[in-house]
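Structure, as structure tokens:
Each reported figure results from applying straightforward, stated rules to the coordinates on display, with no laboratory input. Note that the coordinates shown come from a computational prediction; the quantities given were computed from them, not determined experimentally. Here the Cβ is made from the backbone with ideal geometry for all residues, glycine too, and neighbour counts use every protein chain on show.
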Amino acid sequence: MNKLTAASPEAQSADLVAGNIDQLKALFPELITEGLVDGKPRTAVNVDVLKALVGDQTVTDADEKYGLNWHGKRRARQLALTPSTGTLRPCRDESVDWDTTQNLMIEGDNLEVLKLLQKSYAGKVKLIYIDPPYNTGKDFVYPDNFQDNIKNYLELTGQVEGGQKISSNTEASGRFHTDWLNMMYPRLKLARNLLRDDGVLMVSVDDAEIDHMKSVCTDIFGEENMLAILIWNKQHSQQQGVFKRYHEYVIALARNASLIGNISGGEGEIDAGALKKISAANPASTFDFPAGVRFDATDGFELTGTYGDSEQVTVVSGRLVCKNGKTALPVTLSAGWTQKNQMTSWFSGQETYDTKDQKVVEFYFTGTGKLKCRKERSKITPPSLLPEYGMASEQTSYLEQLMGAAVFQNPKPVNMIADFVSWFANSDDLVLDFFSGSGTTGESVLRVNSTNGGSRRYILVQLPEPLDPDNKDQKTAANFCDQLGKPRSIAELTKERLRRAAAKVKADNPMFAGDTGFRVFKLDHSNIRAWNPNPADLEVTLFDHQDHLLEGRSEADVLYELLLKLGLDLCVPIEQRTIAGREVHSVGGGVLMACLAEQITAKQVEPLAQGMIDWHKELAPAGDTTCVFRDSAFENDVAKTNLAAILEQHGIQNVRSL
């Protein structure tokens, strides 16, 4: 039985360097040299071979080359490749619908969280939207140049003693842009890894860093994958020098722009089919409609599926049956169907017209007994000049009503992020925001799902940045946390906004039965104790290290770290059974089986192993299964060896201990 330690690959976040080397080795085996340096294995890239492969003139290590360079860029690139020493601890009590939800709200430094998500979510995210802190000269709590980034993070966020003062990123420091770029670069580098091949990244930014952000993004994604720079008219101005500035920007990039075709119309995708003839031989004709279509009258028409009352029916899923003899049926299409230049008249012979919030059309039977209709265009071309999403004061007012207090400053419009979601994320896609702030992206995903019956998922990441009641800009938010009985942090505001937004979405859409919950996880040190000897007292160090797991960590803490480190989804189904008096967990249909009991006697070994084998046969997982036990739990080495041998005899080869 192999023991997992803090140094084991299975106990660490993804090793991106090793992954890069493996890809190079697969393409160009002659490029990689391996050997021993100071008695340790060392892998290197042969630059001379690289020059020969791609042409001498194209390979250079010179500093003078086209592109954006700054002091610390090399270190920032290396930082993205350094594995995390942390884990994500589950917080069921702070979550909503833990057992059923597929959404995640993660509290922690997003650099470390992005590293921890690599194994489980690489290549799985369809849309990333971020609204990073603008480079205004104020503090931002993202210092990444410390040896123990987890320890530093816990100190800075007030979770452990011994924090240090964060200096302002002022223009006078001479590092105004450098500090900000060093913060953004490794995060964007890691974010790209999480995107699907057809994934899209959208970044909100203002004038201060638009040029640098564009250069960083094209450095990481490639110039050819720049989709557009969108302009958002905020409808209110800020005095900046000679001019009043009314706008901000959203940079849109693709992982692979060649895979991005025309953008889905989201709730605008309706196919009423071809001409349907109604006759004595065919007295009824049926049409399937997606969620979001509202029928204002249903007299004489039959709706099958899931829908509301007879006065005003909103389709969640189902079809309309059109019976012979009826003449007209008004249909109201939900908000977002208002641009005439994006669609033709749905039904032949009927004029469509626009209102502020909806479009109303009618379809009818002709005298010849045919229902005339035309298929809606299901693709749209978004404008680079974004629609006016309302004044900032309107969004602030909305959130003040939702929260009961003005706890957020400068929140982004829900409708704007909802547009991004509907443009790029299909019904079951994954959306990520690792600067989640007020949680607007989470609410936007819920609202888009509620209008078209989708099941998009979100992952939000937010730093638990402390709120200072003595700071006039943070006083209201800090007091709000006090009223909730929660720690004074921005992450607590994010979670509360998600709870209240979910309740509002359900209230506004009573027929929507989709996922409005979220699982909360918090960044912390790994559950696996790292070897850190005290030279002054090795005897005590050895004694303390007998149990490789940190004291005070629960089975759930350890189990979810295993999910992360083995590359499983944090919302994967987990079953539990009691076998031989010990709790056993099956994750992902038997891909992982874990018994983390603190004590396993010699007598329990055989029935425990046999019970796990029987359960494994029931589950019949498609791939290999990993079994994990607590190393210190076994009564003796014989018990541990016997259990591993029994499992291996029945085809379970990957048996590990912690």
Quiz prompt | Additional length obtainable on full extension of the chain from residue 637 to residue 576, 0.36 nm per residue less Cα span | solution = 19.3 nm
Quiz prompt | Peptides 440-448, 253-261, 467-475, 519-527 ordered by average Cβ neighbours within 10 Å, highest first | solution = 440-448, 519-527, 253-261, 467-475
Self-check item: For residue 434, distant residues with modelled amide H under 5 Å away
Solution: 461
Quiz item: Using mean Cβ contacts within 10 Å as the protection proxy, how do 430-438, 573-581 order, highest first?
Solution: 430-438, 573-581
Quiz item: With θ set to phi - 60° and the Karplus curve 6.51 cos²θ - 1.76 cosθ + 1.60, what are the ³J(HN,Hα) couplings of the range 439-450 in order, to the nearest whole Hz, using x for Gly and Pro?
Solution: x, 4, 4, x, 5, 4, 4, 4, 5, 5, 4, 5
Quiz item: Simple spin-label model, 7 Å along Cα-to-Cβ: residue 384 to residue 653 in nm?
Solution: 5.5 nm
Self-check item: Cβ-Cβ FRET estimate between residue 610 and residue 99, R0 fixed at 30 Å, reported to 0.05
Solution: 0.55
Quiz prompt | FRET efficiency for residue 247 and residue 401, using Cβ-Cβ distance with R0 set to 22 Å, rounded to 0.05 | solution = 0.25
Quiz item: How do 215-226, 589-600 rank on mean C-beta neighbours within 10 Å, highest first?
Solution: 589-600, 215-226
Self-check item: Backbone HN-Hα couplings from phi across the range 203-214 [Karplus 6.51/-1.76/1.60, Hz, Gly and Pro as x]
Solution: 10, 7, 7, 10, 4, 4, 10, 4, 5, 5, 5, 4
Practice problem: For residue 256 and residue 155, compute 0.36 nm times the residue count separating them, minus their Cα-Cα distance, and round to one decimal in nm. | Solution: 32.5 nm
Quiz item: Which cross-chain or sequence-distant (5 or more) residues have an amide H under 5 Å from the amide H of residue 124, H modelled 1.01 Å from N in plane?
Solution: 196
Practice problem: Would you mind checking which residues have amide H under 5 Å from residue 105's amide H? H placed 1.01 Å from N; only 5 or more apart, or other chain. | Solution: 460, 519, 520, 521
